[in-house]
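Below you'll find the structure, written out as C-alpha cells, and then a few comments.
Here, each number is a calculation from the coordinates, and none is a lab measurement. Owing to the predicted nature of the structure, the values given are computational and were not obtained by experimental measurement. Backbone-built Cβ (ideal geometry, glycine too); neighbour counts: all protein chains shown.
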Amino acid sequence: MNGDNSDKVMSANEIPPSPKPVTNGEGATPAARYLAIGLAVVAGLLRLIPHPFNFTPVTALALFGGARLRLWQAFILPLLVMVVSDFLIWQTLGWSPFNKLVYGCFAMNVLLGLTLRRTRSPLRIGATAVVASVLFFLVTNFGIWYTSKMDSQTIPAGQGMVLQKEGAKYPFGQIHYADNAQGLLTCYFMGLDFTSKDAQPLGFAGNLLAGDLFFTGLLFGAYGLATRRRGRTVAMNQTPSMPVVTKAAPMR
C-alpha cells in the first residue's frame with residue numbers, strides 16, 4: 001500500500017543521549033588523562049624538591065590510573081615518574097635508585113585501582129588508599145630490614161638495631177637491624193614512629209598515609225568535579241523537550 005509522506009513527531013526524550021564518560025576500563029576520558037598527566041608532572045617535581053618524607057602523590061597516581069585509565073597507561077605513568085626522578089636523585093644526591101620493592105608496590109597499587117573502576121564512593125576510594133599505604137609500609141620496611149640486617153651477635157644484647165652515623169648514605173644515618181624476629185619488629189616499630197625528627201611532621205608512616213589519602217582524594221575529587229561539570233554542560237546543550245518534526249519514509 002502506497003502512502004503519502006507523513007510527519008512523524010519525535011520528542012526530545014527519544015533523542016539518543018550523549019555518551020557518558022567511560023570509567024569502567026573500556027577507555028579513558030580526556031579529563032582522566034589530563035589529570036593523570038598533570039599529577040605525574042607534580043609527582044616528579046615533588047620528589048626533586050624539599051618535601052615531607054614519604055609525602056608524595058605516586059601512590060595516588062597508580063590508584064587513579066588503575067581506576068580511570070587504560071591499563072597500559074596506568075602502569076606507564078607511575079613507572080615513568082619513578083624512573084626519571086630516581087635517575088635525577090641518584091645523580092644529584094647519590095641515593096641508590098630503582099628499588100625493586102618500591103616499583104613492585106606501585107604496580108600492585110595499579111591493580112588495587114582496578115577494584116575502583118565501577119565506583120565513585122569516597123569511602124571505598126579512601127579505604128583502598130589506606131590498604132595501599134599499609135602494603136607499601138609492610139613491603140618496603142621488610143626490604144629495609146632484609147638489606148640492612150646484620151648478625152644479632154654483633155648487636156648489644158636486648159637491642160634489635162644499631163645506628164651508624166659515620167659514612168652513612170642517608171643524612172639521618174643508617175640503621176642496621178638484627179637478623180632475627182626482634183630486628184624485623186624493631187624495623188617496623190621505627191617506621192611507625194609518628195614523632196621522628198627525621199620525617200617531620202608525622203613520621204615516616206604518618207606522612208605516607210597522609211600523602212596517600214590527600215593526593216588520592218584530590219585526584220579522584222577533581223576528576224569527579226570535572227566529569228560532573230561536563231555532564232551539566234552536555235545537558236544544557238541538549239535540545240529542549242519540544243516536538244521535533246521529521247519526515248517519515250513512505251510506506252509501501
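Below 8 Å, C-alpha to C-alpha, sequence gap of six or more: please give me the relative contact order for region 44-164 in percent.
27 percent
Go ahead and run the numbers for FRET between S148 and L88, Cβ-Cβ distance against an R0 of 25 Å, rounding to 0.05.
That pair, S148 with L88, gives E of 0.55.
Explain nothing, just compute: Karplus ³J(HN,Hα) = 6.51 cos²θ - 1.76 cosθ + 1.60, θ = phi - 60°, for every residue of region 180-189 in order, whole Hz, x for Gly and Pro.
With coefficients 6.51, -1.76 and 1.60, one gets 8, 4, 4, x, 5, 5, 5, 4, 5, 5 Hz.
Please list, ordered by chain and number, the residues whose modelled amide H lies under 5 Å from the amide H of M150; skip anything fewer than 5 residues away on the same chain.
Hits under the 5 Å cutoff: Y177, A178, D179.
Take M108, M161 and order them by how many other Cβ atoms sit within 10 Å, fewest up front.
M108, M161
Multiply the residue gap between Q182 and I37 by 0.36 nm, knock off their C-alpha separation, and tell me the result in nm, one decimal place.
So the extension gain works out to 47.9 nm.
For region 197-207, what does the Karplus curve 6.51 cos²θ - 1.76 cosθ + 1.60, with θ = phi - 60°, yield as ³J(HN,Hα) per residue in whole Hz, taken in order and with x for Gly and Pro?
6, 7, 9, 6, x, 10, x, 4, 6, x, 5
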